[in-house]
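Contents: one structure, followed by commentary.
No value in this document is a laboratory result; all are computed from the given coordinates. Bear in mind that the values here come from a model prediction, so they are computed numbers and not experimental data. For neighbour counting, all protein chains shown are included, and Cβ atoms are generated from backbone atoms with ideal geometry for every residue, glycine included.
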Amino acid sequence: MSVTEKEAMIAQVDAALESVRPHLAADGGNVEVVDITDDNIVKVKWLGNCQNCSMSYMTMKAGLEQTIKGRLPQISGVEAVNGL
């Protein structure tokens, strides 16, 4: 994947996450897209209260991953680079 393709995909992932962000913000948190690996794993960084939330793994799988894969089926998964 070229740099331009990666940047475009990151922008698409970020746009997909806009539907999830209000729910995270309600609890004082947010998420940032850090990278997409060559095998289409989205790397995210938890921000705010999401960093220490015991529910962040479930939120990542049930919220973020499902939302992203719904828009970008080529994405194979989501992993956090920080948090619990």
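If you scan the range 1-51, which residues turn out to be surrounded by 13 or more Cβ atoms within 10 Å (Cβ to Cβ), in contact with a helix residue (DSSP H, G or I) (Cβ under 7 Å, 6 or more places away or on another chain) and farther than 18 Å from S76 by Cα? V20, L24, D27, G29, N30, V31, W46, C50, listed by residue number. Being in a strand (DSSP E or B) and of a type outside the set (D, E, K, R) holds for only one residue in N30, N82, and it is N30. When residues in the range 52-79 are screened for being touching a Leu at 6+ places or on another chain (Cβ under 8 Å), exposed (fewer than 15 other Cβ atoms within 10 Å of the Cβ) and part of a helix (DSSP H, G or I), 2 of them pass.
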